[in-house]
Amino acid sequence: MRDLKDMENSENKDTEEYWLRGPVEGVPMLLQPATHALLQSNAELRKYLKDFPEELLWKELEGRASVGFHTQHITGVLDRMMTYAAGKALSEEQFEYLKNEGEPDYEVTANELYENFKKQVEQAIAYFKSISENTLKEERTVGRKKLPSTVLGLLFHAAEHSQRHIGQLLVTSTVLKARQEMIK
């Protein structure tokens, strides 16, 4: 098994997707796919936000969410899913973050948004390492309505949800940058 630093420093790090780099040390086998998806999301977000024009961060495209929203949202969802998986209720701070998701914050940079997501990914993987596979089937509830899920369901959702929004962010950022180039 390789640890996170080994995976990030791999010779083929730009061409090998994380799921092809082998297991992440310390993470239970059943959580390897979720770990790989989060690491892939983090790497792709870093790539797509590198040199992204700050003036386009909150620009919507065809009524779809902005790059800033997608980045804020995946950070918040990852934080909330880890809280629910741990069997805890959301804090007032998390509710405030949720309320403000999608509101343009022209004070924050693309790099700051990326660093916030990266920090959540690191915390999620540390949490994964602390989990026994025996707890993955334990029931958990989601939100004020207390909708049913399991620890595994929440962790899987956090990973696949991040990947889905990274795909949407890729399209939005690519089109916005292309349109900006056409105007120049």
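When Asn100 is tested against (1) farther than 25 Å from Val171 by Cβ; (2) open to solvent by 60 Å² or more (accessible area, probe 1.4 Å); (3) without any contact (Cβ under 8 Å) to a residue 40 or more places away in the chain, just one condition goes unmet, and that condition is (1). Kindly establish whether Arg2 is basic (Lys, Arg), open to solvent by 30 Å² or more (accessible area, probe 1.4 Å) and at pLDDT 95 or above. Considered against the rule, which asks whether it is basic (Lys, Arg), open to solvent by 30 Å² or more (accessible area, probe 1.4 Å) and at pLDDT 95 or above, Arg2 comes out as no.
Name every residue in segment 105-137 that is touching a residue at least 60 places away in the same chain (Cβ under 8 Å), of a type outside the set (Val, Ile, Thr) and assigned to a helix (DSSP H, G or I), in order of residue number. Ala110, Asn111, Leu113, Tyr114, Phe117, Lys118, Ala124, Phe128, Lys129, Glu133, listed by residue number. If only residues of segment 120-163 that are among the acidic types (Asp, Glu) and modelled with pLDDT of 95 or more are counted, the one that is nearest to Gly26 (Cα to Cα) is Glu122.
Selection of segment 14-35 for residues being open to solvent by less than 30 Å² (accessible area, probe 1.4 Å), touching a residue at least 60 places away in the same chain (Cβ under 8 Å) and not in a strand (DSSP E or B) yields Val27, Pro28, Leu31, Ala34, Thr35.
Let's see how each residue does on (1) open to solvent by less than 20 Å² (accessible area, probe 1.4 Å); (2) touching a residue at least 60 places away in the same chain (Cβ under 8 Å):
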| residue | (1), (2) |
| --- | --- |
| Lys59 | no, yes |
| Glu62 | no, no |
| Gly68 | yes, no |
| Leu78 | yes, yes |
| Tyr84 | no, yes |
| Lys88 | no, no |
| Glu93 | no, no |
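Residues in segment 138-149: is at least one surrounded by 15 or more Cβ atoms within 10 Å (Cβ to Cβ), in a helix (DSSP H, G or I) and touching a residue at least 12 places away in the same chain (Cβ under 8 Å)? Checking segment 138-149: not a single residue is surrounded by 15 or more Cβ atoms within 10 Å (Cβ to Cβ), in a helix (DSSP H, G or I) and touching a residue at least 12 places away in the same chain (Cβ under 8 Å).
Considering only segment 62-74, I want to know if a residue exists there that is polar (S, T, N, Q), modelled with pLDDT of 95 or more and farther than 28 Å from Val151 by Cα. Scanning segment 62-74 turns up at least one residue that is polar (S, T, N, Q), modelled with pLDDT of 95 or more and farther than 28 Å from Val151 by Cα.
The values are calculated or read from the model by the stated rules, or taken from the named source; none is laboratory data. Given the structure is predicted, the values throughout are model-derived calculations rather than measurements. In this analysis, Cβ positions are derived from the backbone assuming ideal geometry, glycine residues included, and neighbour counts consider all displayed protein chains. The accessibility values were calculated without ligands, DNA or RNA, using every heavy atom of the protein model including side chains. Shrake-Rupley method; radii C 1.70, N 1.55, O 1.52, S 1.80 Å.
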